[in-house]
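Below is one structure, written out as structure tokens; the observations come after it.
The values are calculated or read from the model by the stated rules, or taken from the named source; none is laboratory data. This structure is a prediction, so every number in the text was calculated from the model and none was measured. Every residue, glycine among them, receives a Cβ derived from its backbone with ideal geometry; neighbour counts consider all protein chains shown. Heavy atoms of the whole protein, side chains included, go into the accessibility calculation; ligands, DNA and RNA do not. Shrake-Rupley method; radii C 1.70, N 1.55, O 1.52, S 1.80 Å.
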2 protein chains.
Amino acid sequence: MTIEMNDNPADDEAAARLSALGHPTRLRVFRTLIAAGPDGMPAGELAARVGVAKNNLSSHLNVLRQGGLIVMRPSGRSRIYAVDLDTIAATIGYLVSDCCQGHPEVCEALSPGMERAC
Amino acid sequence: MTIEMNDNPADDEAAARLSALGHPTRLRVFRTLIAAGPDGMPAGELAARVGVAKNNLSSHLNVLRQGGLIVMRPSGRSRIYAVDLDTIAATIGYLVSDCCQGHPEVCEALSPGMERAC
DNA sequence: TCAATTGTTCAATGACCATTGAAATGAATG
DNA sequence: CATTCATTTCAATGGTCATTGAACAATTGA
């Protein structure tokens, strides 16, 4: 009879990040920033590209930032946002972790998707 | 002056999948199924392991299934759920796609997280 | 200093979501 | 055929989230 853990902090953290990405606007923001690379992009340009109101974008950026998925640095009167690569790597890792202890075929099946991307 | 696309079906689809994973209970369910491998696991055992009411689990399973992240097959009076590997691979791929056209350092930064998992 | 630019915060609204208990389905067993 | 078992569906509840307009900083340049 094993003890039941029905509350795991690591799950909550990873779920919060995935939930942050689980919104059309935020996903577009994130992918736009991924494509922009480490230099990032100011909020205004981001709003124009994604096609969303500035105040609305601002709250979405806060969600992504609180999840640790993006970082911000001020530059003049702009604020430049960029992806945090470590966080997204860790999140993906957590999502599929434990898939290879006993079931290596799972990770093999995942490879094509990754190769297509990178 | 480029045309603004502020509604992309691909984004909506991927966001729906990430949103499905962006809930602590559903994330635990998904990872439990990943660990279970292709054979999957009946709903009852899943409910016991994750520590959630059966009717509640049922609705969460529906969300994951509508996102295409898991599949179900009946077996006797049980219903056995298992992960759909193609979907999760495609979702991860979409998440980080376009990161290497001009910014290969992004994908290089992602690799360690994947290796840790697999 | 005045005004324009760049973003954020706030409050309010409506919409969506998770959870619960009770009832219902559907398959196996006696 | 009635019963048990495994799971789902339903309705109702409270809670959280996205969006909008208006007001508020903070920075730059005339």
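Brief remarks follow.
- In region B:49-58, residue farthest from residue B:24 (Cα to Cα) [restricted to those that are within 9 Å of DNA strand C (Cβ to nearest atom) and touching a residue at least 12 places away in the same chain (Cβ under 8 Å)]: B:58
- Of all residues in region B:73-94, those satisfying the criterion of being within 14 Å of chain A (Cβ to nearest Cβ), touching a Gly at 6+ places or on another chain (Cβ under 7 Å) and either of a type in the set (A, V, I, L, M) or under 22 Å from residue B:43 (Cβ atoms) (or both) are B:82, B:84, B:87, B:89, B:90, B:92.
- Any hit, region A:5-19, residues being among the aliphatic types (A, V, I, L, M) and touching a Pro at 6+ places or on another chain (Cβ under 6 Å): yes
- Screening A:51, A:67, A:44 for residues that are farther than 24 Å from residue B:102 by Cβ and within 15 Å of DNA strand D (Cβ to nearest atom) leaves exactly one candidate, A:67.
- Scanning region B:23-44 for residues that are among the hydrophobic types (A, V, I, L, M, F, W, C), more than 14 Å from the chain's Cα centre (by Cα) and in a helix (DSSP H, G or I) yields B:36, B:43.
- Residue-level check: of (1) closer than 30 Å to residue B:24 by Cβ; (2) open to solvent by 20 Å² or more (accessible area, probe 1.4 Å); (3) near DNA strand C (Cβ under 9 Å from one of its atoms); (4) of a type in the set (A, V, I, L, M), residue A:46 misses just (2).
- Test for residue B:33: is it at pLDDT 95 or above, under 23 Å from residue A:104 (Cα atoms) and touching a strand residue (DSSP E or B) at 6+ places or on another chain (Cβ under 6 Å): yes
- Residue satisfying condition, being crowded, with 18+ Cβ neighbours inside 10 Å and touching a strand residue (DSSP E or B) at 6+ places or on another chain (Cβ under 6 Å), within set A:70, A:88: A:70
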